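One structure below.
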Amino acid sequence: QTAFIEKKFFCYYSDEMFQVLVQQLSMEQDLRTASEENAWEVVYQPKLSLDNNAIVGAEALLRWNRHGTYISPDVFIPIAEQMGLIQEIGYHVIRTACSFLKQIQLTESRSMVISINLSPSQLMEPDFVDNVLKITKHYDIHPSSITFEITESTFISHIERVNETIQLLKDQGFSFSLDDFGVGYSSIHYFSRLNVDEVKLDKTFTESLTYDMKNRIILHSIVTMAKTLGIAIVIEGVEQKEQLEIIKELKCDFYQGYYFSKPVPPGEMLQLLSLQYQTSLSQS
Ligand code: C2E
Ligand code: MG
Ligand code: MG
Ligand code: MG
């Protein structure tokens, strides 16, 4: 054990703590390099209509391959946020999604909506609206093809300012989704205070639907309330047929989950789209 002595204060660092520190620093260094080189991949998870099982959109999800190992965004996004890298990474995701939307329009001659996750600090950036509009113009993408996903953490301290930015973007045609609903402190409160077009139920809630009668009742009332307010309900993390049947019964609008597909690279997403297009042609 090493002791660092500074005036009256004693601080003991064990080898283990030292290792953790070294790992954290090397992770930060690699994140910085990845950010400089835009060494990210974006994968897409289909979003389907519960009415007819058609693919209506996809969620863009970031992947980081660090020396051959995939690091979960749940791990590296918070670090990127602390390091102030999330804005740059965020713009990269928006550019990538726009370029993919263009490709879909050209090859599938159909439109689709891509959902993009935003970190709180992105919406707080003064130039965010201008920069996003520059990107969509550059790729010739209409804002109605993009939905931004935000979480309640976005609103904890700056609800007025964030609401203003959301309104500015909505005036341009972008839409908004409240992600991870049903966990944390997310509540009925947000339904009235926030101008969102869609609410996305968290996958831990989805998971409970098959065995938790109370949660089914809660979902039923969320759906009723959302319908009255003109807000769509997306169910995330659908893995089983049984869950799909419950959410159909409860008249939810859309779903995502491993039951239909995991997040896939852009090429596979295009294949899923064209496969569905062919099936719908052969049925009509
Ligand atoms: P999220 O936005 O709530 O995304 C849903 C997560 O659930 C994704 O994890 C997705 O791969 C996973 N998932 C989808 N279907 C299923 C299922 O049926 N079962 C299970 N167990 N999981 C399912 P992923 O890709 O690891 O992303 C984790 C989180 O990282 C996201 O949660 C989002 O908050 C954040 N994230 C991902 N990409 C970005 C990004 O580009 N920007 C920002 N700011 N955050 C991002
Ligand atoms: Mg999301
Ligand atoms: Mg979510
Ligand atoms: Mg999440």
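Scanning region 126-167 for residues that are of a type in the set (D, E, K, R) and open to solvent by 40 Å² or more (accessible area, probe 1.4 Å) yields ASP127, ASP130, LYS134, LYS137, ASP140, GLU160, ARG161, GLU164.
Note on region 237-267: residues that are surrounded by 17 or more Cβ atoms within 10 Å (Cβ to Cβ) and in a helix (DSSP H, G or I) total 5.
The single condition among (1) aliphatic (A, V, I, L, M); (2) out of contact with any Asp or Glu (no Cβ under 9 Å at 6 or more places or on another chain); (3) within 11 Å of ligand 1 (Cβ to nearest atom) that ILE247 does not meet is (3). Note on region 110-125: residues that are closer than 20 Å to PHE76 by Cβ, open to solvent by 10 Å² or more (accessible area, probe 1.4 Å) and assigned to a strand (DSSP E or B) total 1. Condition (residue is touching a Pro at 6+ places or on another chain (Cβ under 8 Å) and of a type in the set (Phe, Trp, Tyr)) applied to region 252-270: is it met by at least one residue? Checking region 252-270: at least one residue is touching a Pro at 6+ places or on another chain (Cβ under 8 Å) and of a type in the set (Phe, Trp, Tyr). In this entry, GLY173 is excluded by the filter for residues that are surrounded by fewer than 19 Cβ atoms within 10 Å (Cβ to Cβ), within 16 Å of ligand 4 (Cβ to nearest atom), modelled with pLDDT of 95 or more and closer than 26 Å to GLN45 by Cα. Condition check for GLN29 on (1) over 19 Å from GLN271 (Cβ atoms); (2) touching a helix residue (DSSP H, G or I) at 6+ places or on another chain (Cβ under 9 Å); (3) not charged (D, E, K, R): one failure, at (2). Among the candidates PRO73, PRO46, PRO78, the residue that is at pLDDT below 95, on the phi < 0 side of the Ramachandran plot and within 16 Å of ligand 3 (Cβ to nearest atom) is uniquely PRO78. Checked against (1) over 14 Å from VAL199 (Cα atoms); (2) within 16 Å of ligand 4 (Cβ to nearest atom), GLU236 meets all criteria but (1). All of (1) within 16 Å of ligand 4 (Cβ to nearest atom); (2) at pLDDT below 95; (3) of a type in the set (D, E, K, R) hold for ARG63 with one exception: (2). Per the conditions (1) at pLDDT 95 or above; (2) touching a Ser or Thr at 6+ places or on another chain (Cβ under 7 Å), the sole criterion not satisfied by GLN105 is (1).
Pairing residues of region 232-251 that are free of Cβ contacts under 8 Å to residues at least 60 places away in the same chain and on the phi < 0 side of the Ramachandran plot with residues that are more than 10 Å from ligand 1 (Cβ to nearest atom) and open to solvent by 80 Å² or more (accessible area, probe 1.4 Å), at Cβ distances under 7 Å and at least 6 apart in sequence or on separate chains, gives LEU250/HIS220.
With respect to being within 16 Å of ligand 3 (Cβ to nearest atom) and either free of Cβ contacts under 8 Å to residues at least 60 places away in the same chain or surrounded by 21 or more Cβ atoms within 10 Å (Cβ to Cβ) (or both), TYR190 fits the description.
Rundown of residues vs (1) under 27 Å from ILE146 (Cβ atoms); (2) in a helix (DSSP H, G or I); (3) away from ligand 4 (no atom under 16 Å from the Cβ), yes/no style:
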| position | (1), (2), (3) |
| --- | --- |
| TYR190 | yes, yes, no |
| THR206 | yes, yes, no |
| THR210 | no, no, yes |
| HIS220 | no, yes, yes |
| ALA226 | yes, yes, yes |
| MET269 | yes, yes, yes |
| LEU273 | yes, yes, yes |
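On the basis of being more than 16 Å from ligand 2 (Cβ to nearest atom), in a loop (DSSP other than H, G, I, E, B) and modelled with pLDDT of 95 or more, does ILE141 make the cut? Taking the combined requirement at face value, the residue satisfies it.
Only residues that are within 30 Å of ILE166 (Cα to Cα) and open to solvent by 70 Å² or more (accessible area, probe 1.4 Å) were counted across region 196-217, and they come to 2.
Taking region 44-80 as the search range and keeping residues that are farther than 20 Å from ILE235 by Cβ and assigned to a strand (DSSP E or B), which one is nearest to ligand 2 (Cβ to nearest atom)? This residue is LEU62.
If the condition is being assigned to a helix (DSSP H, G or I), hydroxyl-bearing (Ser, Thr, Tyr) and either open to solvent by less than 40 Å² (accessible area, probe 1.4 Å) or more than 16 Å from GLN105 (Cα to Cα) (or both), then region 275-284 contributes THR279, SER280, SER282.
The values are calculated or read from the model by the stated rules, or taken from the named source; none is laboratory data. Computed from a prediction, not measured in an experiment: that's the story for all the values here. Methodologically, a virtual Cβ is constructed for each residue, glycine included, from the backbone with ideal geometry; neighbour enumeration extends over all protein chains shown. Accessible surface areas use protein heavy atoms only, side chains included; no ligands, DNA or RNA. Shrake-Rupley method; radii C 1.70, N 1.55, O 1.52, S 1.80 Å.
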